[in-house]
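What follows is one structure encoded as structure tokens, with my remarks underneath.
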Amino acid sequence: MRSDLKRVQEIITSIDVHSEDLFGAVVPPTFENTIYRYPDYEAVKQVAEGRAHRYGYSKNGNPTTEAVERVLAALEKGEAAKCFSSGTAAIYTVLLSVLEPGSHVITVKNVYGRTSDFLKRTFHKFNVQTTFVSGEWLEEFEEAIQPNTRLIYLESPTSWQFELQPIRAVSQLAKQHGIKVVIDNTWATPVFQNPLELGADAVIHSASKYLGGHSDLVAGVVIGPKTWISDLPQLGAVLSPYESAKLLRGVRTLALRMERHEQSALRIAAFLEQENKVTRVNYPGLASYHQYELAQSQMSGCSGLMSFHLDANEAGIRSFIDSLRHISIGGSWGGFESILYAAAMSGTEAEVTARGFGFTQIRLSVGLEVADTLLEDLHTALQLI
Ligand SMILES: *Cc1c(COP(=O)(O)O)cnc(C)c1O
């Protein structure tokens, strides 16, 4: 077995649930209660004075949520993790913890839409300025640094265009300037990329994608140094015990799922590259990808999300989409099911291109189905353009 998959599988298998109190249950119970009772006056006093740890109120700490946080921290090789009710809540909390009026941020122009909205609108109102760079070259970051730059926010690769940033070099540069580096690692997952090891200060995931993996959960997580994680602003956007249990279940099969996503995605990307109705494939796992070397140097593998451009007009795109029999039509990604979205579905050509998408661009999340079924589905639909 590959060393990255082996490591992840060992962490997952070691989820600590063998407490005597839990009757040896291999799956921990979900602690649904909001309030925890104390045995006496002294017990409360000890907690208040920091001499003992006890649960008190679920918003401030829950055993089920903490179990999944320990696993996610270990998977990302970080000290601590904090779960949130969505990836977006995790992103907002981290921005709030680092930025103050007058701060400057550098991020990538194809960063997740809500992240860019937060910076352009919410934080801009509080006098935070943002510089957007393509992110492919170190020099762009060097040139963008200002005396008030507090944060470099990466997302490598981005989730439509798949540009990578050189994480090691950018982190080194940031350190020299006392700037924090935070990275959205949703695409690669902790199986294929561990940015803390490459020098980043904190990692964010939308656990609604691969970590959950079953399209039945919205969740987010931040992983980083213990002191930073425990000092994060408490917005109250916590993950519920029930959702934590679902996340824990999703994570149990993470190594297995990622191995399958990668194998199928590689075959499909290679197939699409050969098709004459496909003009371009964006997938960092392809040897022909313009950042393949960088991908190899900072990731041990690739997940199942890619995009490609069709040689078609809108009618052609429509008949391609409507001819699919096994691949679903829809947004989001990272689940067990293959699902695909055409940029053209979201507006007129002018609107779509103004948002930075190609009008004929398609984004495909390769699921866990048998790859031959997906290849046949794509092959048939491409013939009908
Ligand atoms: C989906 C997504 C998010 C936001 O996560 P939610 O759980 O939907 O709030 C953040 N970053 C990336 C790259 C995403 O794809």
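Could you list the residues of the stretch 95-134 with an amide nitrogen less than 11 Å from a label point located 7 Å from the Cα of Asn148 in the Cα-to-C-beta direction? Under cut-off, by backbone N: 100-105, 126-130.
Multiply the residue separation of Glu139 and Thr13 by 0.36 nm, subtract the distance between their alpha-carbon atoms, and state the gained length in nm to one decimal. Extra length available between Glu139 and Thr13 comes to 41.1 nm.
What residue among Phe123, Phe23, Phe84 shows peak mean-square fluctuation when the chain is described by a Gaussian network model with Cα springs under 10 Å? Fluctuation is largest for Phe23. Checking every one of the trypsin sites (Lys or Arg not before Pro) in the stretch 1-91 against DSSP loop status and a limit of 14 other Cβ atoms within 10 Å picks out Arg2, Arg37, Arg51, Arg54.
Each of Ala287, Asn276, Ser365 was scored by the projection of its Cα onto the charge dipole of the stretch 252-367, and the greatest displacement toward the positive side belongs to Ser365; charges sit on the C-beta of Lys, Arg, Asp and Glu.
For the stretch 255-383, the share of DSSP beta bridges that are antiparallel, to the nearest 5, is 85%.
Full extension of the chain between Asp21 and Leu256 yields a length gain of 81.6 nm, computed as 0.36 nm times the residue separation minus the alpha carbon distance. Once the Cα-Cα distance is subtracted from the 0.36 nm per residue extended length, the Glu100 to Glu314 segment shows a gain of 72.5 nm. Taken along the Cα-to-beta-carbon direction at a fixed 7 Å, the label points for Ser346 and Tyr242 span 3.1 nm. Placing a pseudo-label 7 Å from each Cα along the Cα-to-Cβ vector at Arg280 and Ile329 gives an inter-label distance of 2.5 nm. Against the chain, whose longest principal axis comes from its Cα atoms, helix 87-98 is set at around 60 degrees.
Against the main long axis of the alpha-carbon atoms of the chain, helix 314-323 sits at an angle near 60°.
Amide H to amide H distances under 5 Å link Val128 with Gly102, where only residues 5 or more positions off or on other chains count and H is placed in the peptide plane.
For the pairs Lys180/Lys277; Lys45/Lys175; Lys109/Lys226; Lys45/Lys226; Lys45/Lys77, flag any whose C-alpha to C-alpha distance is greater than 32 Å. Don't skip to the answer; put the middle values down first.
Working: Lys180/Lys277 43 Å; Lys45/Lys175 41 Å; Lys109/Lys226 30 Å; Lys45/Lys226 24 Å; Lys45/Lys77 34 Å.
Long pairs (Cα-Cα over 32 Å): Lys180/Lys277; Lys45/Lys175; Lys45/Lys77.
Label separation (Leu235 vs Asp117): 1.2 nm, computed from points 7 Å beyond Cα along the C-beta direction. Amide H to amide H, with H built 1.01 Å from N, Asp184 comes under 5 Å of Leu154, Glu155, Ser156, Ile204, counting only residues 5 or more places away or on other chains.
Only Cα pairs under 8 Å and 6+ residues apart enter the sum, and on that basis the relative contact order of the chain stands at 16 percent.
Please give the Cα centre distance for the stretch 300-362 versus the stretch 30-66, rounded to the nearest Å. Between the Cα centre of the stretch 300-362 and that of the stretch 30-66, the gap is 48 Å. In the context of the full set of protein chains, residues of the chain present 45 Å² of accessible surface per residue (probe radius 1.4 Å, heavy atoms only).
So which of Lys120/Lys209; Lys59/Lys246; Lys125/Lys209 end up more than 21 Å apart by C-alpha? Walk me through the intermediate numbers first.
Details: Lys120/Lys209 25 Å; Lys59/Lys246 18 Å; Lys125/Lys209 30 Å.
Pairs exceeding 21 Å: Lys120/Lys209; Lys125/Lys209.
The values are calculated or read from the model by the stated rules, or taken from the named source; none is laboratory data. Remember, predicted model here, so these are calculated numbers, not experimental data. Cβ sites come from the backbone with ideal geometry, for glycine too, and all protein chains shown count toward neighbours. Only protein heavy atoms, including side chains, enter the accessible area calculation; ligands, DNA and RNA are left aside. Shrake-Rupley method; radii C 1.70, N 1.55, O 1.52, S 1.80 Å.
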